[in-house]
1. Name the residues in segment 78-107 that are in contact with a helix residue (DSSP H, G or I) (Cβ under 6 Å, 6 or more places away or on another chain) and either surrounded by fewer than 17 Cβ atoms within 10 Å (Cβ to Cβ) or at pLDDT 90 or above (or both), would you?
2. Determine which member of the set 46, 18 is without any contact (Cβ under 8 Å) to a residue 12 or more places away in the chain and under 27 Å from residue 79 (Cβ atoms).
3. Of all residues in segment 42-61, which are in contact with a helix residue (DSSP H, G or I) (Cβ under 6 Å, 6 or more places away or on another chain) and over 15 Å from residue 15 (Cβ atoms)?
4. Give the residue, chosen from 41, 26, that is under 14 Å from the mean Cα position of the chain (by Cα) and on the phi < 0 side of the Ramachandran plot.
5. Given the residues 37, 75, which is the only one that is at pLDDT 90 or above and either in contact with a helix residue (DSSP H, G or I) (Cβ under 6 Å, 6 or more places away or on another chain) or more than 16 Å from residue 4 (Cα to Cα) (or both)?
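The values are calculated or read from the model by the stated rules, or taken from the named source; none is laboratory data. Fair warning: this is a prediction, and the values are worked out from it, not measured in the lab. Cβ: placed from backbone, ideal geometry, glycine included. Neighbour counts: every protein chain shown.
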């Protein structure tokens with residue numbers, strides 16, 4: 001797996017916020033559809049996500065990013081996500097396909113918290 005610098009990671013997390021808020025709809029992956037119910041518990045347990053996990057190809061950040069710009073974007077998206085509340089989270093299936101629909105009132109917040117950690 002490749003590694004992202006801090007600015008790229010901020011951009012990546014920002015892209016995930018777009019998905020959670022229903023502003024982006026990456027295509028679903030076939031592998032996730034096949035193994036999803038076995039992987040899904042990883043998102044909702046008390047353990048942090050593993051480092052260098054695979055990600056949705058469309059939000060893998062490869063271009064150089066500017067730290068301060070990405071920090072401001074992500075900060076604003078986190079504020080928007082929080083202030084919008086659970087009713088504004090997407091009901092669209094998670095793009096990996098393995099997680100199908102994520103319950104907005106509970107699971108998107110857990111998933112986003114783990115992603116940002």
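1. Result: 105, single match.
2. 46
3. Once the filter is applied, which keeps residues that are in contact with a helix residue (DSSP H, G or I) (Cβ under 6 Å, 6 or more places away or on another chain) and over 15 Å from residue 15 (Cβ atoms), segment 42-61 yields 43, 44, 49.
4. 26
5. Criteria check complete, one pass: 75.
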